Amino acid sequence: MPAAAGATITILKPDDWHLHLRDGAALAAVLPHTAERFARAIVMPNLKPPVTTVAEAEAYRGRIIAALPPHLTFEPLMTIYLTGSTTPDEIRRARQSGFVHAVKLYPAGATTNSEAGVGALASIYPILEAMQEVDLPLLVHGEVTDARVDVFDRERVFLETELTAIVAKFPALRVVFEHITTREAADFVESARPGVAATITAHHLLMNRNDMFTGGIRPHHYCLPVLKREQHRQRLVEAATSGNARFFVGTDSAPHAKHTKENACGCAGMYTAFAATELYAEVFDAADALDKLQGFMSEFGPRFYGLPVNTAKVMLKKERIAVPADFAFGDERIVPLRAGENLEWQLVR
Ligand code: NCD
Ligand code: ZN
């Protein structure tokens, strides 16, 4: 049975294992939302231009820390963006840095600011070799970019044509199949060799592809990988609430200004950081699995990354609260998920 109204749950403070923070005024606008709820986050490197070197990651890390309000503590876990020019030396520097925790692979053109991504994956095998050697995890945006492949099939086809090969060819490489959206991806990760994990977003646990078209086209429900059929959503909920440590939180909160979403060619990405823990609590509550929330949110990610679990705690309360129509986003506005609707859980401050 779902929890009663007014029920509370206290869990160890979570970390977000996939987050877009942007830069400048946008960074300053969204960072407090994450830092209130998460102790650490794996920060995506898809700035314009992308963060491709350890030196750039260090500078970006400095800007994130400088943007943090003094009353909050937060540790950005940096990533570098794999390109055709990444060198094995850069990988070794990344490992030695202590602040770069993973390397991000975007197939070229897969999503926002991924023009610099990798074309033929075999060309980066020497880099994957170096990553395997120094034990630096690979984070994969797992979608093919071939325009002939149906957009709803791109994750499954990537899994079949690329990911299976990478996982087999580099048996000791730690791999995160990011923001999985399909039954096939969940099945793959569940039965893969050790060292393979997946992150799951709140929005892919809460919505299916009908939510992009309720009553008209819904640009704020467009993200990549795109929402899938209900049967896939159900499989993701099953995986997330199973207690299997291979599945953990990664919000993929991806802020875009309102006018760039409400546009003839709207950007991909949903803004969930403002209530991410609350949204996951709603999913786990609806699945009658609140006892599995702490593992997914706070324990399995650190375990995969070899980092200590947080000691601080957060409390959530089941109490309906309205979501604002938008938030300030530098000189612009940003529309959060559920704008003008409700959340079922609140963060107790
Ligand atoms: C992300 C973004 O906007 O940076 N968008 C998204 O829909 N998830 C890019 C990404 O991670 O794919
Ligand atoms: Zn992302």
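The values are calculated or read from the model by the stated rules, or taken from the named source; none is laboratory data. This is a predicted model, so every value here is computed, not measured. Cβ atoms come from the backbone with ideal geometry, glycine included; neighbour counts cover every protein chain shown. To get the accessible areas, we keep the full protein, side chains included, count just its heavy atoms, and leave off ligands, DNA and RNA. Shrake-Rupley method; radii C 1.70, N 1.55, O 1.52, S 1.80 Å.
So, in region 243-259, of the ones that are more than 13 Å from ligand 2 (Cβ to nearest atom) and closer than 17 Å to ALA325 by Cβ, which residue ends up most open to solvent (accessible area, probe 1.4 Å)? Among residues in region 243-259 that are more than 13 Å from ligand 2 (Cβ to nearest atom) and closer than 17 Å to ALA325 by Cβ, the one most open to solvent (accessible area, probe 1.4 Å) is HIS259. Note on region 75-99: residues that are part of a strand (DSSP E or B) and open to solvent by 10 Å² or more (accessible area, probe 1.4 Å) amount to 1.
Within region 165-179, is there a residue that is open to solvent by 50 Å² or more (accessible area, probe 1.4 Å), within 16 Å of ligand 2 (Cβ to nearest atom) and on the phi < 0 side of the Ramachandran plot?
no
Per the listing HIS221, HIS232, the residue uniquely open to solvent by 10 Å² or more (accessible area, probe 1.4 Å), modelled with pLDDT of 95 or more and either touching an Asp or Glu at 6+ places or on another chain (Cβ under 7 Å) or among the aliphatic types (A, V, I, L, M) (or both) is HIS221. Scanning region 11-46 for residues that are within 17 Å of ILE80 (Cβ to Cβ), among the aliphatic types (A, V, I, L, M) and in contact with a Phe, Trp or Tyr (Cβ under 7 Å, 6 or more places away or on another chain) turns up just one, ILE42. More than 16 Å from ligand 2 (Cβ to nearest atom), outside any strand (DSSP E or B) and open to solvent by 10 Å² or more (accessible area, probe 1.4 Å), is that true of GLU129? So GLU129 passes the test. The combined condition, being farther than 30 Å from ARG61 by Cβ, open to solvent by 20 Å² or more (accessible area, probe 1.4 Å), in contact with a Lys or Arg (Cβ under 9 Å, 6 or more places away or on another chain) and modelled with pLDDT of 95 or more, is not fulfilled by ASP150. Only residues that are polar (S, T, N, Q) and more than 13 Å from TRP17 (Cβ to Cβ) were counted in region 288-307, giving 1. Of the residues making up region 38-67, those that are hydrophobic (A, V, I, L, M, F, W, C), closer than 21 Å to ASP252 by Cα and either in contact with a strand residue (DSSP E or B) (Cβ under 9 Å, 6 or more places away or on another chain) or at pLDDT below 95 (or both) are PHE38, ALA39, ALA41, ILE42, VAL43, MET44, LEU47, VAL51, ALA57, ILE64, ILE65. Out of the strands (runs of 3 or more DSSP E) lying entirely within region 138-230, which hold 1 or more residues that are free of Cβ contacts under 8 Å to residues at least 40 places away in the same chain and within 14 Å of ligand 1 (Cβ to nearest atom)? The qualifying strands (runs of 3 or more DSSP E) are 138-140, 175-177. Looking across ASN310, ASN263, one residue alone is over 23 Å from HIS101 (Cβ atoms), at pLDDT 95 or above, open to solvent by 20 Å² or more (accessible area, probe 1.4 Å) and of a type in the set (S, T, N, Q). It is ASN263. Of all the listed residues (ALA102, ALA57), the sole one being part of a strand (DSSP E or B) and buried (at least 20 other Cβ atoms within 10 Å of the Cβ) is ALA102. Screening GLU278, GLU299, GLU262 for residues that are over 19 Å from LEU31 (Cβ atoms) and in contact with a Leu (Cβ under 9 Å, 6 or more places away or on another chain) leaves exactly one candidate, GLU299.
What are the residues in region 180-196 that are closer than 24 Å to ALA286 by Cβ, crowded, with 18+ Cβ neighbours inside 10 Å and touching a helix residue (DSSP H, G or I) at 6+ places or on another chain (Cβ under 7 Å), if any?
Result: ILE180, THR181, THR182, ARG183, ALA185, ALA186.
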